[in-house]
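So the structure is just underneath, and the comments pick up after that.
Each value in this text was obtained by applying a stated rule to the coordinates, not by laboratory testing. In this text, all values refer to a predicted model and were calculated from it rather than measured experimentally. Cβ placement follows ideal geometry from the backbone for every residue including glycine, while neighbour counts extend to all protein chains displayed.
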Amino acid sequence: MKEQKFSETGRSLVEMLGTLAVMGVLSVIGMAGFKIAMIKHSANDLLNELNVRASSIATQIATHSNPGFQPGMVGFNQGFSGCTECQFYVQRIAGQNRFSILVSNLPENICEQALKIIGPTSMIRSVTPCTDGEPVGFVFNNDLSTKEKDPCNDHGIILNGACSCYKGFSGTDCSQGAGEST
């Protein structure tokens, strides 16, 4: 009997399955990274939209071009590119030189990411907590300045009635220059 020789010219099933498994793992990692990037993008869009709307409102207040703009809530256009179902409302804070832009239907993950982005140069003076289903309020001075005494010493924002310090600052008033954010 003659011996038959087999020529191996391809990939085995094990090699193909191994390659598919690696591709699957890389795809899952890529999708997770894409989702995180989209949340960051939406949070940046939110902050840009808030700044544009706050500038418009501050101009109206300064020029008194909207005499009906009294303390209370006023509807203000709908949505932005990162959250088309979000709605914006303006609330004048009676007796103070401030106004608030309330955002309803804001997903909690976008709100939390926006809080991480807000820094010392932000016009936003304080923020209410991020809770799904509840409107989130972003407070601005009428002239968009930080002229008033800042209880967080320009090193944090007021969140839920207390200072939330920027990275590198700590303490109840964010006056301590070393340490982690609270």
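In what sequence, highest mean first, do 26-35, 102-111 appear when ranked by Cβ atoms within 10 angstrom?
Averaged packing, sorted descending, gives the order 102-111, 26-35.
Arranged by the count of other C-beta atoms within 10 angstrom, fewest first, what order do 63, 9 take?
Final ranking by Cβ density, sparse to dense: 9, 63.
With a Förster radius of 41 Å, plug the Cβ-Cβ distance of residue 104 and residue 12 into 1/(1 + (r/R0)^6) and report the FRET value to the nearest 0.05.
The calculated FRET efficiency here is 0.10.
Give me 15, 112 ranked fewest to most by other Cβ atoms within 10 Å of their Cβ, as a rough exposure proxy.
Sorted ascending by nearby Cβ count, the order is 15, 112.
Please compute the modelled spin-label separation between residue 3 and residue 20, points set 7 Å along Cα→Cβ, answer in nm with one decimal.
3.5
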